[in-house]
Every structure is written in structure tokens, then in C-alpha cells.
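What follows is a single structure, written as C-alpha cells, with notes after it.
The values are calculated or read from the model by the stated rules, or taken from the named source; none is laboratory data. Note that the coordinates shown come from a computational prediction; the quantities given were computed from them, not determined experimentally. All Cβ positions, glycine included, derive from the backbone under ideal geometry; neighbour counts span all protein chains shown.
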């Protein structure tokens, strides 16, 4: 342990990187610090004046007295088993900074356990960035460590009951059911995918590519998957980065989706964060008024991408609602504003097929299968499925 002071007015962060972690308080010059450990170019320190712990750049600290131990984090996945307060430090004497819900995915930092608390990190939905906090370790479920995982959430947002699968982009795959089965009947886990038509043959109306191969409506050429006939948005994974593209009519304009482990899904852009979203849909998305008019209330499905962290949210509702209400519920779930003058810089979303096609199937934190679909469900053509449903 050591002490030091700030060289100038400087922000602290909830983790050792300004780009990917939430920003905390800004300290004045010559603020006193108790330095607990070092991670690369960052100190983890407590501010005696506020009683808060957070990260600060090493270069922003002077007059260091004492020994500062180095720490290399090793992360273990956990689930919260109850809603509870997370704090700035490892006891109830520290301020509450956030309340984590039951079933939240967190990552426990090995060796950082003090008393009844453990240091964990999780994705802050409002910002799309990461936050490290202290949480009671008795409220954490152990889980098998895997880079591919999924997590199920449900709740009512803006009056709409949402069912949500959160997963990593590298856990996503795409598949054609060729109009011969339902999601539940296929035994796959995920949600329904793009729009489809059934004149003569089942044809998917949106880009659908997996491992460089077009996932067409019935498995034959000329039945879609290579173009966006309805909608002009696409979310795609090139094996490294999760990206969004607007104005897309053909898969060939999407780079990096020709190899194994890549995928691309097309749909109608939802322009999250932008108050002018409706005019953008009307002008840019090549879809009929029935998809967005106020009186059109039906079951809905969407795909949301956190393009910074490579996280995908697969969202479905059986609440009959129009596109505007569904979109509002997604904003409420993510904790972001919908009244901005531009699109959200991190969260990008596609409106997918709905109505009788809307369906979601996954496992909850207890390992039980959750399956939702309308009472008048129909067979579907294309699905977004999970490689690993656990």
C-alpha cells in the first residue's frame, strides 16, 4: 500500500482503460490517494475524502510513498443469485454505486476478495461500457468458464413484457428451417430471424450468411439470404469485430464474412437513440407502412448489437405492440435515451420478423428451458441460433 497525490484535475474510471470502462468522479489537483495496487499503466486507489475506490492513470499521480504491488487480473464468470447493492469498496461502510439485478452476468476478479465482498465487473447497459464494483460474494453463483455463453432476462419495460437473450457475438449462428418447423420444434435455442415470403417456395427476405455461406429460404438458389429485400440494415460479425451497416442491399458490401466463424443478419434498422427514427425508417428501410404504423399491434422481435463489447441481445415480446412502443421498451431495457438528434454510437438494432413468427427459446440461470411464442404460431424459415445455450 502506498500514498500519493494527483498532478492535476483528472477523472477516475471504473476499470483500467478509459475507452472501455465507465468514467467516475473527477478529482482536483493535489487530491490525496491511498494506492492499493497497479494494473499496467493504472493505479487502483481509494480517495480518503470521498471514500470511493476507482482507477487512475499512473502518470496522473505524484509524490508516491510506499510500495505498490502489481496485479494481473484473472476473471471467472459468475451469476448474481439475488438483486443487491454493489459498492465502491468491500464493506457496507462504502457508498452504493449501483444495484445489480438477479441473474446478472459478472466476472469475479480472482484474489480480490475482502471480508464478505468480492470485486466483480459487468457491462453497464446504459453506457455499453464495463464497470468494476464490490459485491457480496455469497450472492454469486459459480459457472463453467466459457467464452461462449448466453443469459436470459425477462421484465416489463415501457409497458411491454420483454424476453431477452444476451450472448457474445461468437456464440451466434444462423440456420434455415425451410418453413418446415417452429423454433421449439427444431430443438434449437435462439430467436426467429428475418422476414420471409412463400410464393411457390419459401424465400428469406433478408441477408442471412453463416461461415461465408448464404442461408437461403429452402436451401436452393434463388430463395434469398444474399440480399435485403425488406429493410436496409445489417449486423455482422467478422470473427473479431461486431459491426452494423446501413443502406445494405447485398451481402457483398459487408467485408470479412466469408470465413468460418463469421455471420451476417439483415433486417429493418431501428436507429436507437434517434428521435427522428420514424422518418429514417420511412425514407431508408424499403418497408411498407404496415410495419411501423401506430395501429399495427403484434408480437415483435429484434436483434441489438453492442458494437464496442461484441455483445448481442436477442429480444422478443408476446405483447401486442407497434414498432414505436417496442422500440421504446428496448431503450428502457438498455437504459438509453431515445430523444437524441443522432443514432446511438454503440447500440445498433434490427427489427426482425414478428407476428405469428415471433419466438424465443433459451435456458435460464437455473438451466430450465424457456420457450415463448404466440398461441397462433406458425412455422418459420430462418432462425438466429446459439452455438452454446448455457
Take the residues in the stretch 53-79 that are within 28 Å of the chain's Cα centre (by Cα), assigned to a strand (DSSP E or B) and modelled with pLDDT under 95; name whichever of them is surrounded by the most Cβ atoms within 10 Å (Cβ to Cβ). 78
Of all residues making up the stretch 110-133, the number that are surrounded by fewer than 18 Cβ atoms within 10 Å (Cβ to Cβ) and under 14 Å from residue 71 (Cβ atoms): 4
Just a yes or no: is a residue in the stretch 184-195 surrounded by fewer than 17 Cβ atoms within 10 Å (Cβ to Cβ), at negative phi, part of a strand (DSSP E or B) and touching a strand residue (DSSP E or B) at 6+ places or on another chain (Cβ under 9 Å)? no
Here are 238, 206, 274, 228: which of them is within 21 Å of residue 310 (Cβ to Cβ) and touching a residue at least 24 places away in the same chain (Cβ under 8 Å)? 238
Quick check on my filter: what residues within the stretch 1-39 are closer than 18 Å to residue 70 by Cα, at pLDDT 95 or above and part of a loop (DSSP other than H, G, I, E, B)? 14, 15, 16, 17
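Per-residue answers, yes or no, for (1) assigned to a loop (DSSP other than H, G, I, E, B); (2) farther than 25 Å from residue 372 by Cα:
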site: 219; (1), (2): yes, yes
site: 248; (1), (2): yes, yes
site: 259; (1), (2): yes, yes
site: 266; (1), (2): no, no
site: 282; (1), (2): no, yes
site: 295; (1), (2): yes, no
Go through the stretch 235-245 residue by residue and tally those that are in contact with a helix residue (DSSP H, G or I) (Cβ under 8 Å, 6 or more places away or on another chain) and either part of a strand (DSSP E or B) or under 16 Å from residue 302 (Cα atoms) (or both). 3
Let me confirm something: among 272, 309, which residue is within 22 Å of residue 342 (Cβ to Cβ), modelled with pLDDT under 95 and part of a loop (DSSP other than H, G, I, E, B)? 309
Between 340, 310, which is surrounded by fewer than 21 Cβ atoms within 10 Å (Cβ to Cβ) and either more than 20 Å from residue 174 (Cβ to Cβ) or not assigned by TED's automatic domain parsing to the domain that holds residue 182 (or both)? 340
Sort out for me the strands (runs of 3 or more DSSP E) sitting completely within the stretch 312-390 that have 3 or more residues that are over 16 Å from the mean Cα position of the chain (by Cα) and either touching a residue at least 12 places away in the same chain (Cβ under 8 Å) or more than 18 Å from residue 155 (Cβ to Cβ) (or both). 360-363, 369-372, 380-386
Could you check residue 329 against (1) within 29 Å of residue 168 (Cβ to Cβ); (2) surrounded by fewer than 17 Cβ atoms within 10 Å (Cβ to Cβ); (3) touching a strand residue (DSSP E or B) at 6+ places or on another chain (Cβ under 9 Å) and say which number it fails? (2)
Going through (1) in a strand (DSSP E or B); (2) surrounded by 22 or more Cβ atoms within 10 Å (Cβ to Cβ) one by one, residue 173 fails only at (2)
